[in-house]
Amino acid sequence: MSYDDITIDSLIEKGSFKWTAYPGTIGAWTAEMDFGVAPAIRATLEQLDARDLYGYSTPALMSDMAQATAQFYSDTYGWDVNPEWVSPVSDVLTGMQAVLSFYTEPGAKLVLPTPAYMPFLSMPKLHGREIVEVPMLRNEAGAGSAAGAGSGSVEPAWSMDFEAIDRALSTAGADGGPGGLLVLCNPHNPIGRVYTRGELEELSRIVEKHGARVFSDEIHAPLTFTRHAHVPYASINEAAANHTVTVTSHSKSFNTPGLKCAQIIFSNDADVATWSTHGMFTGKSAANPGLLAAVAAYRDSRDWLADTSAYLERNRDALPGLLERHLPQAVYQPPEGTYLAWIDLSAYDLGDDLTSFFVDRARVSIIDGALCGEAGRGFIRLNMGTPLPILEKIVERLGAAVAGTPVAPVGEGSA
Ligand SMILES: Cc1ncc(COP(=O)(O)O)c(C=O)c1O
């Protein structure tokens, strides 16, 4: 079945998190896709049952997962990862908590370019960590609507404020001096940037100058669109390898976040040594279903990924036309990676709570950009990992809500 044929009713009936959290709405908020999973992943879960692999995660599966991850990184990004330096972890956020606990000093601050993935703003605070938000620089010229969709030739709408990052790291250490942890999200949720090698090199120079560390979240890397290339941050030079812990997962791009398996990739001996003493519990937090799915994804589902990525790219390139028709004052630049659209609706003056506005009036659930930091106020994050006919309905509904036209909830018969 083509993704185009998946209906709203069938998605409601499946009852996923994205489609049930806000009843009566089209789910376009949390990062799940509506396309199911690759056949190899389904097949491996049947194996799980046939082999009764319901016990604790096995060393053999952990090793298979590490090999498959290393092979994928080598084949896809040209970074030769030592499989022995790949550890399982249940999910990327658990990996981040491990990085905070084991690789930074208590009291070291997090330097976070914003807009940022929402939990990066809230979770570290639970560990008593201060977050220094560094708003990204906005290039108005690169932020046109339909202009240059996917051409790769347009100036990016957002770029790192290197000077501000430099300043923030100069006082982010535990003692108030240089240090701290820079949170790098590449591809960047929610803005969709895929950073160039030049940008990453500049970042590594600044981080190294302050003796700081980097948590590099590359969960969206397999969904990097044509004309852009994902460069693993730790691969760019020795300094970056020495100051970085990379955490990634197949779970976004192959659509398996509920199977709970991510990967920590180490890139220096010292961090591996720390992990061998401190990571013994966290390193066992992924379970057999996720480990099996990681192998099936990275090793056996690359065609599925290519097809799905091409479909998402088509959605991405359809969005400017849809916005022009239904929300002509929206400002949007197509993402370079991820299936997330980051749309500036500030011209419409829709109030302080865009989630409630669109849930109540459009019957579409989106993420209010303000949850991604002050720099995101007035924006929405829209999940495009849905069939194109549904994406069309979503934008039509958003436009109707802004125009004040009543919109009915979705449910029986709305497909
Ligand atoms: C950038 C980023 N990091 C981490 C996560 C969460 O991943 P996990 O479920 O593996 O913790 C997400 C989920 O959408 C994400 O977009």
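What follows is calculated from the coordinates using simple rules that are stated; it is not laboratory data. Predicted model, so just to flag it, every value in this text is computed and none were measured. Cβ coordinates were reconstructed from backbone atoms using ideal geometry, including for glycine residues, and neighbour counts include every protein chain displayed.
Jot down the per residue volume, in cubic angstrom and as a whole number, of the convex hull over the alpha-carbon atoms of segment 29-128. Walk me through the intermediate numbers first.
Details: hull volume 18.3 nm³, N = 100.
Once divided by residue count, the hull of segment 29-128 is 183 Å³.
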FRET efficiency for Phe281 and Glu105, Cβ-Cβ distance as r, R0 = 25 Å, nearest 0.05? 0.75
So what does log10 I(q)/I(0) come out to for segment 168-231 at q = 0.29 Å⁻¹, using the Debye formula with one equal point on every Cα and no solvent? -1.18
Could you compute the net charge surrounding Asp91? Neighbours are other residues with a C-beta less than 12 Å from the C-beta of Asp91; K and R count +1, D and E count -1. +1
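How big is the C-alpha Rg of segment 262-415 next to the rule-of-thumb value 2.2 N^0.38 Å, as a ratio?
Numbers: Rg = 20.3 Å, N = 154, 2.2 N^0.38 = 14.9 Å.
The value comes to 1.36.
Evaluate the relative contact order of the chain (contact order divided by residue number), counting alpha-carbon pairs under 8 angstrom at least 6 apart; express in whole percent.
Numbers: 830 pairs, mean separation 102.6, N = 415.
Answer for the chain is 25 percent.
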Taking the Cα-to-Cβ direction at Ala270 and at Arg314 and moving 7 Å from each Cα, how far apart do the two end points lie in nm? 5.0
Gain on full stretching of the segment that runs from Ala174 to Lys125 - 0.36 nm per residue minus C-alpha separation: 16.1 nm
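Using C-alpha positions alone, give me the convex hull volume of segment 141-294 per residue in cubic angstrom. Write out the running numbers ahead of the final one.
On the way: hull volume 20.6 nm³, N = 154.
Normalising the Cα hull of segment 141-294 by residue number yields 133 Å³.
Give the calculated FRET efficiency between Asp349 and Ala229 to the nearest 0.05, with a Förster radius of 22 Å applied to their Cβ-Cβ distance. Please report the intermediate quantities before stating the final value.
Values: r = 39 Å, r/R0 = 1.75.
Taking R0 as 22 Å, the efficiency between Asp349 and Ala229 is 0.05.
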Quick shape summary for segment 242-293, equivalent ellipsoid via Cα gyration tensor, semi-axes whole Å in descending order, reads 23, 14, 6
Once amide H atoms are built 1.01 Å from N in the peptide plane, which residues 5 or more positions from Arg193, or in another chain, come under 5 Å H to H? His188, Glu336
Considering segment 204-282, what Rg and Dmax in Å follow from its alpha-carbon atoms? 14.1, 42
Once each part is reduced to its C-alpha centroid, what is the distance from segment 176-233 to segment 332-405 in angstrom? 26
If I stretch the segment between Glu84 and Glu208 completely, what's the gain in nm (0.36 nm per residue apart, minus their alpha carbon distance), one decimal? 42.1 nm
Pairs of lysines 8 or more apart, or on different chains, with alpha carbons under 19 Å: count those in the chain, would you? 8
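How long are the semi-axes of the ellipsoid equivalent to the chain, from square roots of 5 times the Cα gyration tensor eigenvalues, in whole Å, largest first?
On the way: eigenvalues 218, 150, 70 Å².
Equivalent ellipsoid semi-axes, largest first: 33, 27, 19 Å.
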Need one number: nm distance between label points at Asp360 and Gln67, each 7 Å from Cα along Cα→Cβ, rounded to one decimal. 5.7
Quick one: if you stick a label point 7 Å off each Cα along the C-beta vector at Asp307 and Phe17, how many nm between them? 2.6
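Given the rule -39500 (n - 2.57) for each run of at least 4 DSSP H residues, summed and divided by the residues of the chain, what is its mean residue ellipticity at 222 nm, to the nearest 500 deg cm²/dmol? It would help to have the intermediate numbers written out before the result.
Values: 14 runs with 162 residues, N = 415.
Helix contribution divided over all residues of the chain: -12000 deg cm²/dmol.
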Please list the helices of the chain that count as membrane-span-like by this rule: a mean Kyte-Doolittle hydropathy of at least -1.0 together with Cα atoms stretching 30 Å or more along the helix axis, each helix being a complete DSSP H run. 302-326
In terms of the ratio Rg/(2.2 N^0.38 Å) built on C-alpha atoms, what value belongs to segment 216-330? 1.34
